[in-house]
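Only the coordinates and a few stated rules stand behind these numbers; no lab work does. Given the structure is predicted, the values throughout are model-derived calculations rather than measurements. Neighbour counts are summed over all protein chains in view; Cβ atoms, including those assigned to glycine, are modelled from backbone coordinates with ideal geometry.
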Amino acid sequence: MQDLRYAIRRLTLSPGFSALVVLTLALGIGANTAIFSVVDAVLLRPLAYRDPERLVTVEHFYPSLNHLQAPVSAPGFRDYSAQTRVFSAVAVENGWSVNLTGMGEPERLTGTAVSGRFFQTLGVRAALGRTLLPGEDQAGHDRVVVLSDGLCRRLLGGGRDALGKKLVLNGEGYEVVGVMPPSFHDFFGRTTELWSPLVLKPEDFADTKRTNEYLALTARLAPGITVERAQSEMKAFAERLKHDYPDQYPPDWSLVVTPLAEKATGNLKPALLVLLGAVGFVLLIACANVANLLLARAAARLKEIAVRTALGASRWQLVRQLLAESLLLSLAGGGLGLLLAAWGVRYVAALHVAKLPLPTEALRIDSTVLLFTLGLALATGLLFGLAPALRTSRTDTQQVLREGGRSGAADRSGASLRRGLVIVEIALALALLAGAGLLVRSFARLAGVDPGFRPDHLLTFRLSLPEAKYKTPESQAAFFDEVLGRLAAASGVRAVGATSVLPFGGSWSTGGLNVEGYQPPPNQPGAWGDIRIVTPGFFQALGVPLLKGLPFTAENGPEAVPVAVVDEEFVRRYWPRTDPLGKRVAFPANPGQPTRWMQVIGVVGHTKHEGLDADARIQLYLPYRQAAKAVGRGVPAMSFAVRTGGDALGAANSVRAIVHAVDRDLPVYALDSMENLLASSVAQRRFSMILLGVFSGLALLLASIGIYGVMSYSVAQRGHELGVRMALGAAKPAVVGLVLRQGMTLALCGLAIGLAGAFALTRLLASQLFSVRATDPPTFVLVTALLAVVALLANLLPALRATRVDPVVALREE
């Protein structure tokens, strides 16, 4: 306690020094705490299910189709649960977004249809009422619903009164039987607000639908079964299925088992680990800076330490006293860093909420993060305080007392250590700058990718028709025709169209195809690609270029000749040297049924869909009036694209009014501009780029301050030497050159070490880069030059100050 009281008095006597140290540490500790809170929430915190390490997901795996991992089919769900012994429980789910009516304005709710043992598989209970029962996923027993805590509070005020209430969903009544706790979130649908039974009909289990993949599967491993054993047995089971149903599965098809926790963090884990390493570098630079400050301060206290030693103080007492000061500074920096981290976590959540695999409220400063910050502050205090304390405690008492505290003695104390710390700072800063530079170049390349259409002035939204009201494909098409016609006639609208799957809209639809004139190689799958059902005018609305032939028109109705439009990627792969117009494509027919061929009438440009960096897949477009015959069902949900003459979002109110004039009970949802959808598609890369850029900029600032501080202190301590040189006739340029040579030697050593480290470390960024190598020469040259210029400026100011030393004053002081 005596050491702490004395440390407080010493630090309050130097408020400027103390404030600088605390602020430097707060930046380093705050950055580490903010990123650790995200890492803890995403990577370390277990999923909020019972024994989450026992939960896995099973997916269909297609190595030859860009290693595609797809959901499972209804026959697959049945077989994997009934014919395997590696799982104790299996459940599937599918998206079930619904229209809520009868409670004011119509509203679109995000729901999920789940099999009967869904909640039992996850091992969760309802907070109020009950969860779904196994028998309720049968037709006639499925008009029940379980609500999330948030939706229950918003719609029904919360409380037990919610149980038994009726909700009108898609025009049909559902009874509320349970409410989930606030902590529960659906793994595959983080924004899910309600759950209802998934009813699978007998025809869904037909063998011809074994690759009709739309069900997300979650399974709980049986006692004693490891993930590795489950993977081995499911792979063997896949081989058996291919043997039993050779016409249903491609030759290289298989099954893959992935732990649920790994599935949640697979895409984000590399980026978060890179950011965690980056903030670690920032903290090391901050510690090096503070250690330099303490070494300089300790040099000025050599006489005090010598007197204490002469009066009988032991080396341990001296080290303890100096470490007390360091720990006080680090704890103060940790407290301020915690405040900065709380702000930083909110910023991270706002910047990247759509891509993190957890809700926004899960990002918080909790007890784990508080303990991490406390431990980090204590470790930091020891790290930056130990070297100065040990250095100072080895003071030669007789020499210091004999010299009377001359600057020469002080300069010799710890000079090599201070210079070494500067070299380390520069090396670490260069590694961070190289990583940030690579991400900036990568993001610039990605942003320059042509999506294949014009995203400006484009408003998008989605409509889903309740099948209870629009029962036939004809009634669905009539509704869409009415809305399209009214939108096209609206003021300010340049073009309008609709599609089953909108680019960057978050959904996709793919399938296998028979292509006229194409025979797949032996043991290879056939043609496979994206399938789009579109209205006339869709290509014009999006600005997709028509390269050859004709677009769809109103003449392409259900009784007309079946037609299709393909993209240029389709032509490049399957008809590279022939005219594609008049060629035919078809979906694989079921055994005993004739093939329904569709004639190609046009070729359009290839459009990006899932992301600007996604691999190109062939694209097949079908007219929506022929969709019922082509795919065997109607299209009750469509995404609209409205090209406006002004701000896209400015037309939102008129769009809602037009839709409600046709059907007042139909909610307009997913309403956004295409430019926002594009920006969201690159959110994860922008997230990494911005944060790593901020951290590297902070590292550059701290490194430049470190260089400036060391050189300023060196000039101050060499006042006598410089005064003698100038008294003997040394010109000012010679003095400037002397100081610059000393400083730039340190900088060049740091740059050389930093380059070697950066070449090794940036390889960890390879998975985060697009069209840029991890050892991109222009990036390394640019960041090296930037850091060299900053180091030159940081050295130049002390060098110029050295020329203002008055030789007479310097000699008199000595």
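Between R153 and L792, the contour length at 0.36 nm per residue exceeds the alpha carbon distance by 224.0 nm. Between A70 and S14, the simple label model (points 7 Å from Cα in the Cβ direction) yields a spacing of 6.9 nm. Looking at the chain, identify the longest residue range that excludes and avoids all chymotrypsin sites (Phe, Trp or Tyr not before Pro) in DSSP loops having at most 16 other Cβ atoms within 10 Å. With chymotrypsin sites (Phe, Trp or Tyr not before Pro) excluded where exposed in loops, the chain gives 215-507 as its longest stretch. A straight chain from S767 to A730 at 0.36 nm per residue would run longer than the Cα-Cα distance by 7.8 nm.
Which aspartates and glutamates does K471 reach when only Cα atoms under 18 Å apart count, and residues fewer than 8 places away in its own chain are ignored? Reachable aspartates and glutamates: E172, D481, E482, D663, D665. Net length available on complete extension from L371 to A490 is 36.9 nm, with 0.36 nm assigned per residue and the Cα-Cα distance removed. Taking Cα atoms only, the orientation of helix 15-39 departs from the longest principal axis of the chain by about 20 degrees.
Indicate the gyration tensor shape class of region 1-42 (rounded, prolate or oblate), computed on the Cα atoms with a ≥ b ≥ c the square roots of the eigenvalues: a/c under 1.5 is rounded; otherwise a/b larger than b/c is prolate and the rest oblate. Oblate is the answer for region 1-42, as a/c is 1.5 or above yet b/c matches or exceeds a/b.
Along its principal axes, the chain has C-alpha extents of 107, 61, 56 angstrom, given from the largest down. Rounded to the nearest 10 degrees, the inclination of helix 683-717 to the longest alpha-carbon principal axis of the chain is 0 degrees. Both the radius of gyration and Dmax for region 612-687 are 16.4, 44 Å, in that order, over alpha-carbon atoms.
Calculated FRET efficiency, K165 to V662, Cβ-Cβ distance, R0 = 25 Å: about 0.25 to the nearest 0.05. Relative to the longest principal axis of the chain, what angle (0 to 90°, nearest 10) does the C-alpha long axis of helix 227-244 take? Its long axis makes an angle of about 30 degrees. Between R741 and R445, the modelled labels are 4.3 nm apart [label points 7 Å from Cα along Cα→Cβ]. Over the residues of the chain, the helix contribution to mean residue ellipticity at 222 nm works out to -16000 deg cm²/dmol, using -39500 (n - 2.57) for each DSSP H run of at least 4.
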